[in-house]
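What follows is calculated from the coordinates using simple rules that are stated; it is not laboratory data. Treat the numbers as computed from the prediction; the structure is a model and nothing was measured. Cβ placement follows ideal geometry from the backbone for every residue including glycine, while neighbour counts extend to all protein chains displayed.
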Amino acid sequence: MSEYVLYQYPTCSTCRKAIKWLDGRDFKYNSHHIVEETPAAAEIKNLIEKSGLPFRKFFNTSGKRYRELGIKDRLEQMTADDAAELLASDGMLLKRPIIIKNEIVLVGFKETEWSHNL
């Protein structure tokens, strides 16, 4: 059985909650530091497509970089390709954690969503 892939940021409290949740249920996962191992644009675009979510859901809207770059005002003009390129350029722009296995892609940690889908 293949492992889950988890993109997370070690000092993020939500990521720590997600890891605690996974560990408490003996999930096997391969953890990646979202800033040091930011997914490439093509991978991000693939994750957006698999998730079925609009690309805006992949942005860390509460993050400092998101605000500094004024992304909120640019989202309407962005294509999925533009968004994937921008997200790949800076791991701090990505909402976290992201967990992936086969066709499952979940963004952010919501215990009920994870319980139902993993």
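Here are some notes:
- Dipole magnitude (debye, nearest 20) for region 15-81, charges at Cβ of Lys, Arg, Asp, Glu: 360 debye
- Sorting 16-28, 92-104 by their mean Cβ neighbour count within 10 Å, with the most densely packed peptide first, gives 92-104, 16-28.
- The antiparallel fraction among DSSP beta bridges confined to the chain stands at about 60%.
- Between residue 110 and residue 56, the contour length at 0.36 nm per residue exceeds the alpha carbon distance by 17.7 nm.
- Cβ-based exposure ranking for 89, 51, in which fewest neighbours within 10 Å come first: 89, 51
- Averaging Cα coordinates gives a centre for region 47-61 and one for region 83-102; these two points are 8 Å apart.
- Long pairs among 45/95; 72/95; 20/50; 50/101, criterion Cα-Cα beyond 18 Å: 20/50
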